[in-house]
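The values are calculated or read from the model by the stated rules, or taken from the named source; none is laboratory data. Here the structure is a predicted model, which is why all the values come from computation and not from measurement. Don't worry about glycine lacking a Cβ; one is built from the backbone with ideal geometry, like all the others, and counts go over all protein chains shown.
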């Protein structure tokens with residue numbers, strides 16, 4: 001896989017293995033995964049439950065460390081880092097989007113989006129606010145800056161979560177079943193947003209069990225039993241915008 | 001993460017759970033409030049007792065005959081029945097103990113009925129020297145004290161207190177120069193004492209009749225010994241030295257051999273005051289203990305709520321960790337939250353405790369005294385309570401695995 005060698009690699013995995021000890025048994029969740037993800041790619045990682053995609057996501061998100069193998073994130077070796085170093089790395093280089101949004105309850109959009117910057121003491125309160133507002137504008141929520149999380153729809157909440165993932169200007173956005181809790185119309189809206197971000201040059205990894213979503217990304221990696229079984233470039237990316245427009249109109 | 005961010009986060013969390021935070025605070029409020037109020041009551045009664053004792057003359061030293069040891073045949077005797085203090089002892093103290101003493105007076109008293117016209121009043125006549133007035137902090141309001149000449153001649157003159165005046169001279173007569181009878185002995189009133197009121201033990205300090213001690217010895221009781229000797233040290237700090245000096249003189253006078261027991265006892269007000277204050281100190285400690293327990297219960301309340309809060313906010317903790325919060329940040333967040341609750345509760349408790357103390361003074365008239373250190377102490381204790389009881393739940397929060405926490409249902 002030497003293609004796109006002109007682009008900068010954001011993620012490099014070399015023979016990554018992750019074993020869990022459950023009782024007396026050793027479960028091999030990842031059995032030697034190797035791939036590189038380059039700047040500007042929109043990658044879907046697919047697999048059924050038990051395929052190891054959650055474990056892979058945790059490893060990619062620096063929430064977990066592989067048992068063996070090498071993982072470089074933006075040129076930095078992650079495997080030897082301790083907990084605190086990984087926390088700082090997540091804070092500076094990764095944006096997470098979760099299936100169930102995980103917004104702080106009774107908290108405004110701006111405050112939710114400010115959260116990652118709260119843990120970066122080099123950013124002043126004004127800059128924090130400014131960047132949060134900018135991120136919310138970028139996801140189309142410029143009108144709902146001071147709405148509280150419980151006053152918004154699922155799609156809006158997920159947009160806030162995406163803004164939160166963008167606010168620290170990460171090298172990679174990790175989305176974990178980001179459309180899993182949404183109806184198909186809202187799912188497409190969110191996909192449109194991801195495609196827009198991709199078009200602006202963001203690197204995105206979208207983990208999902210839904211194979212339909214693969215047509216909207218630029219590259220698909222399929223996992224089975226802790227191994228990569230398929231890794232293809234999608235030459236004909238479908239437009240989520242068109243799919244959205246093609247949906248039957250909402251009946252009132 | 002800096003402190004102002006942490007404060008902001010903690011305040012937000014408290015604000016999101018106003019009622020629960022207030023209920024948690026309630027334990028601390030009651031704890032701190034009661035500690036302050038109880039200490040104020042304890043300190044107040046201690047202070048009022050000390051004041052009353054010093055009103056009676058804080059430098060006062062009393063010499064009584066006997067020392068409550070078995071005398072002679074093994075019978076314990078009442079000190080007033082002993083006749084070991086003589087005029088010679090008094091004179092020896094006056095002439096030899098000049099270093100630490102400012103005033104010395106013998107005292108011998110006799111009780112009976114005071115009669116004037118068709119009024120009478122039961123009282124005792126106290127035979128003393130002029131120094132007695134200085135020792136007991138008494139002042140003559142009208143007339144004069146008896147003189148050395150009166151003492152030398154055992155003159156039948158007396159100085160009377162306000163209560164006696166009120167009871168004998170019922171039609172606003174001027175008592176000066178009038179002759180009152182004590183039993184069969186007539187006394188000429190030469191002075192009236194300024195009123196002092198009741199003391200802490202409920203004794204009327206104005207029901208006194210003072211006469212030259214020689215008069216009581218020779219003309220009333222017909223005795224040669226003294227009931228006691230009163231003296232006053234120059235400084236309160238010198239009382240113990242003065243006591244030693246007096247003891248030495250009296251032992252010499254009474255020819256007591258080294259190693260043998262004294263046949264007299266010398267006590268100072270200091271002992272009385274320390275005895276009284278030790279009682280109130282004990283009461284204060286007792287009250288503070290009870291209040292302290294309620295503070296402890298309040299602290300456990302904080303721990304309880306923080307535990308619930310940590311469990312309830314597992315997902316939030318997971319999220320914070322995944323966006324880059326370190327364990328320390330989470331620890332600090334929950335710790336600050338606990339401290340904020342306890343400090344706010346503590347502040348309200350201080351206000352309430354001080355308020356309750358003043359309410360007790362104004363409504364019930366109890367003497368209260370709020371010592372600044374007791375406020376500071378209870379405030380400090382409740383902050384420490386917050387740290388102590390907030391620590392464990394906060395530690396647990398900080399050790400969560402972000403992977404599990406973020407998916408916690």
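I need the full set of residues from region A:21-48 which are touching a strand residue (DSSP E or B) at 6+ places or on another chain (Cβ under 9 Å) and more than 21 Å from residue A:207 (Cα to Cα), in order please. Once the filter is applied, which keeps residues that are touching a strand residue (DSSP E or B) at 6+ places or on another chain (Cβ under 9 Å) and more than 21 Å from residue A:207 (Cα to Cα), region A:21-48 yields A:21, A:26, A:27. Quick one: how many residues across region B:206-242 are touching a helix residue (DSSP H, G or I) at 6+ places or on another chain (Cβ under 9 Å) and modelled with pLDDT of 80 or more? Qualifying residue count for the region: 25. Output yes when any residue across region B:215-223 is within 18 Å of residue B:117 (Cα to Cα) and either assigned to a strand (DSSP E or B) or more than 38 Å from the chain's Cα centre (by Cα) (or both), and no when none is. Taking every residue of region B:215-223 in turn, none turns out to be within 18 Å of residue B:117 (Cα to Cα) and either assigned to a strand (DSSP E or B) or more than 38 Å from the chain's Cα centre (by Cα) (or both). In region B:176-189, the condition of being modelled with pLDDT of 85 or more, part of a helix (DSSP H, G or I) and touching a helix residue (DSSP H, G or I) at 6+ places or on another chain (Cβ under 7 Å) is met by no residue. Residue under question is residue B:336, and the condition is that it be more than 14 Å from chain A (Cβ to nearest Cβ), modelled with pLDDT of 80 or more and either farther than 30 Å from residue B:66 by Cβ or buried (at least 21 other Cβ atoms within 10 Å of the Cβ) (or both); does it hold? Considered against the rule, which asks whether it is more than 14 Å from chain A (Cβ to nearest Cβ), modelled with pLDDT of 80 or more and either farther than 30 Å from residue B:66 by Cβ or buried (at least 21 other Cβ atoms within 10 Å of the Cβ) (or both), residue B:336 comes out as no. Do you know which residues across region B:385-409 are more than 14 Å from chain A (Cβ to nearest Cβ) and at pLDDT below 85? Hits for region B:385-409 are B:385, B:386.
To keep it simple, each residue is scored yes or no on (1) without any contact (Cβ under 8 Å) to a residue 40 or more places away in the chain; (2) away from every other protein chain (no Cβ under 14 Å); (3) farther than 30 Å from residue B:407 by Cβ.
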| position | (1), (2), (3) |
| --- | --- |
| B:250 | no, yes, yes |
| B:253 | no, yes, yes |
| B:257 | yes, yes, yes |
| B:261 | no, yes, yes |
| B:270 | no, yes, yes |
| B:283 | no, yes, yes |
| B:299 | no, yes, yes |
| B:305 | no, yes, no |
| B:323 | yes, no, no |
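Of the helices (runs of 4 or more DSSP H) contained entirely in region A:103-194, those carrying at least 3 residues that are surrounded by fewer than 18 Cβ atoms within 10 Å (Cβ to Cβ) and at pLDDT 90 or above fall at A:125-138.
Looking only at region B:111-121, residues that are under 32 Å from the mean Cα position of the chain (by Cα) and either buried (at least 18 other Cβ atoms within 10 Å of the Cβ) or at pLDDT 90 or above (or both) come to 0 in all. Per the conditions (1) surrounded by 14 or more Cβ atoms within 10 Å (Cβ to Cβ); (2) over 34 Å from the mean Cα position of the chain (by Cα); (3) under 30 Å from residue B:86 (Cβ atoms), the sole criterion not satisfied by residue B:160 is (2). Which of the residues spanning region A:74-102 are in contact (Cβ under 8 Å) with a residue 12 or more places away in the chain and part of a strand (DSSP E or B)? Those that are in contact (Cβ under 8 Å) with a residue 12 or more places away in the chain and part of a strand (DSSP E or B): A:76, A:94, A:95, A:96, A:97. Pairs meeting the criteria (first residue in region A:51-73 and more than 14 Å from every other protein chain (Cβ to nearest Cβ), second residue surrounded by fewer than 18 Cβ atoms within 10 Å (Cβ to Cβ) and outside any strand (DSSP E or B), beta carbons under 7 Å, at least 6 apart or on different chains) are A:51/A:225; A:70/A:79; A:71/A:79.
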